[in-house]
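The values are calculated or read from the model by the stated rules, or taken from the named source; none is laboratory data. This structure is a prediction, so every number in the text was calculated from the model and none was measured. Note that each Cβ is placed from the backbone with ideal geometry, even for glycine, and that neighbours are counted across all protein chains shown. What goes into the accessible areas is simple: the full protein's heavy atoms, side chains included, and nothing from ligands, DNA or RNA. Shrake-Rupley method; radii C 1.70, N 1.55, O 1.52, S 1.80 Å.
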Amino acid sequence: MADISISAPMTSIVLKILVSPQDAVRKGDPVIILEAMKMETVIKAEEDGIIQDVHAEVGTLVNEGQVLLRMRRGGEGQQNSSASKDQTQTGIRPDLQELMDRRAWTQDAARPERVAKRHQKGQRTARENITDLVDDGSFVEHASLIIAAQRSRRKLEDLIQNTPSDGLIGGIAAINGHVFGEDAAQCMVMSYDYMVLAGTQGVMGHKKTDRLLHIAADGQLPIVFFVEGGGGRPGDIDFHGVGGLDVMTFYLFAKLNAIVPRIAIVSGYCFAGNAALAGCADVIIATENTSIGMGGPAMIEGGGLGSFHPKEVGPSDIQSHNGVIDVLVKDEAEAVQVARKYLSYFQGPIKDWSCADQEQLRHLIPENRRRVYDVREVIKTLADTDSVLELREAFAPGMITAFIRVEGRPLGLIANNTGHMGGAIFSDEADKAARFMQLCNAFGIPILSLCDTPGIMVGPEAEKSGTVRHASRLFVVGGKLRVPIFMIVLRRAYGLGCMAMGGGSLHIPFFTISWPTGEFGGMGLEGAVRLGYRKELESVIDPVKREALFEKLVAKSYEKGKALSTATYLEIDEVIDPMESRRWIVNGMKSTSGPKKQTDPAAGFVDTW
């Protein structure tokens, strides 16, 4: 049989010869090892055969193409023990085992006592929250092997075991992928780990956060961030600097404003730097046991401001009523459910939906035009079943802001609540609606406005809150809208308040329609009559007759300002049967081809307030 020559593939040094003459080799057996540029190349037999001659010596230089050995095809010879010893071994390699051991320290199973303590407090671990939030098996963790920057004061083994991931878990995962598909569901998920140094922000943790935020920006990934923790960590000494005030984390997170949806979830204590990240997010979902503050008890006491328990600093009942918390929930399990629901509005429409019998809408506005009603019942009936997610419910109760769906399509909703001061727009109500409109505008979500307001609140007390500036935000934001706004007047549409609810004018919305209960005017009918007919009313001495004249004049004004009359002047587009509302909304969404071209970069900004 013909001989086979094995030649050097490159100029190199002969490092090891694994065969001798008369050795039998099989295809794939290593026969010689070469070294070039400190890297080893294993030369293997290309066929079964018997080694005839070896033309190389260990330590010698061989050139590319130089024959190293010759062998004869087939035949029988002595088994090459050297070659067989160099075969890849089965089982787990030492370097892989080292990685697996290191990873084990990052898991909850490595800290059973801390996990038990966490559960005793009624809270879950960071990894339990992430597992519950993301689609099964979709979480790809980044930078899990970092440790606290304390090597100069603690042993490496101690840091590996007690500061895994430097108290910050993060990576990419799918959320709601079963509905929107995995590509549309990809998100950046991060969580401070309270079982590691109380969830404080360390040097390496900041570096990791910055890296993950860069990735989120590059991939345009929504962010869900569990931000429980005590703020900056003074114990990290392995860095050159003074206060670490050049850290980029807060800038990078804030810079993603209006670029990707950002959700902060808080449970337990959230102070200082952790609270700053929460405040930069688009929405804060917090549990009842939450305390959020720009400084914790230690910082407060250090500033000479007194001694307080953490629960006294920004508790959830305070922070929900003042507007800091957007959605208050019972526990972390509910927080995760709300986060998934909130995120879904930014992920697109859904195919499966249902709704209530729309004929109910005909009966939800009282025939008595002065009678208060539950506008939330209107919203619930109008929207797809179980699709309503209200934001900042306890703050500015005269205005409702919520995400809803109509025939599966996401919408932002603003609505006046007559159950609070008749639905008048105070400073807080204006801020609440304006900020929500910014949020919808930034992410291309159409806005539905349900109007029933006597107008913007007036009077000495109202002006103490800066109403002139705050209420005007509705006009400024309305002037920057690049998404369509659809307006339905439920009952009262008076003055500047009504115009503000429409983005600045009744002819700004894509459509402005009214239910038959609608009534329109430059101000409230009763107030307009008292001002416009003051002399006539004062001339009537008998209070009973005066009141009768007043009611007559009001009825006359109502007849002129009611929806059917207003529609004849084209101040509104149409008066509709309430049960036709969804048809108009869907037609509006289908007819608007998407957000208008944005020419002003500031139009995409979302205030923190």
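Got a sec? Which strands (runs of 3 or more DSSP E) wholly within the stretch 282-341 have at least 2 residues that are closer than 21 Å to Ala402 by Cα?
The qualifying strands (runs of 3 or more DSSP E) are 283-287, 327-329.
In a residue-by-residue description of the stretch 532-543, the property of being open to solvent by less than 60 Å² (accessible area, probe 1.4 Å) and in contact with a Gly (Cβ under 7 Å, 6 or more places away or on another chain) applies to no position.
Pick from the stretch 22-46 the residues that are open to solvent by less than 70 Å² (accessible area, probe 1.4 Å) and acidic (Asp, Glu): which of them is nearest to Arg72 (Cα to Cα)?
Asp23
Pairs are defined by a Cβ separation below 7 Å, a sequence spacing of at least 6 or placement on different chains, a first member in the stretch 439-450 that is acidic (Asp, Glu), and a second member that is open to solvent by 10 Å² or more (accessible area, probe 1.4 Å); no pair meets this definition. Scoring Arg72 on the criteria (1) modelled with pLDDT under 95; (2) surrounded by fewer than 13 Cβ atoms within 10 Å (Cβ to Cβ); (3) not in a helix (DSSP H, G or I) leaves a single failure, condition (2). Look at (1) open to solvent by 10 Å² or more (accessible area, probe 1.4 Å); (2) of a type outside the set (S, T, N, Q); (3) farther than 14 Å from Phe605 by Cα; (4) modelled with pLDDT of 95 or more and you find that Pro454 fails only one, number (4).
Scanning the stretch 139-154 for residues that are of a type in the set (A, V, I, L, M) and either touching a strand residue (DSSP E or B) at 6+ places or on another chain (Cβ under 6 Å) or surrounded by fewer than 16 Cβ atoms within 10 Å (Cβ to Cβ) (or both) gives Val140, Leu145. Selection of first residues in the stretch 126-138 that are open to solvent by 40 Å² or more (accessible area, probe 1.4 Å) and of second residues that are at pLDDT 95 or above, restricted to Cβ pairs under 7 Å at least 6 apart or on distinct chains, gives the following pairs, ordered by first then second residue: Asp132/Ala333; Asp132/Val336. Close Cβ contacts (under 6 Å, 6 or more residues apart or on different chains) running from residues in the stretch 26-37 that are under 18 Å from Met71 (Cα atoms) to residues that are among the hydrophobic types (A, V, I, L, M, F, W, C) and part of a loop (DSSP other than H, G, I, E, B) comprise Lys27/Ala45; Asp29/Ala45; Pro30/Leu18; Val31/Leu18; Val31/Val19; Val31/Ala45.
Okay, residues lined up against (1) aliphatic (A, V, I, L, M); (2) crowded, with 21+ Cβ neighbours inside 10 Å; (3) under 20 Å from Ile223 (Cα atoms); (4) more than 19 Å from the chain's Cα centre (by Cα):
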site: Gly302; (1), (2), (3), (4): no, no, no, yes
site: Leu305; (1), (2), (3), (4): yes, no, no, yes
site: Pro310; (1), (2), (3), (4): no, no, no, yes
site: Val313; (1), (2), (3), (4): yes, yes, no, yes
site: Asp317; (1), (2), (3), (4): no, no, no, yes
site: Ala335; (1), (2), (3), (4): yes, yes, yes, no
site: Ala339; (1), (2), (3), (4): yes, yes, yes, no
site: Gly348; (1), (2), (3), (4): no, no, yes, no
site: Cys355; (1), (2), (3), (4): no, no, no, yes
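Of all residues in the stretch 1-21, those that are open to solvent by less than 20 Å² (accessible area, probe 1.4 Å) and in a strand (DSSP E or B) total 3.
Could you list, in sequence order, the residues of the stretch 110-136 that are among the hydrophobic types (A, V, I, L, M, F, W, C) and within 29 Å of Glu182 (Cα to Cα)? Residues satisfying the conditions are Ala126, Ile130, Leu133, Val134.
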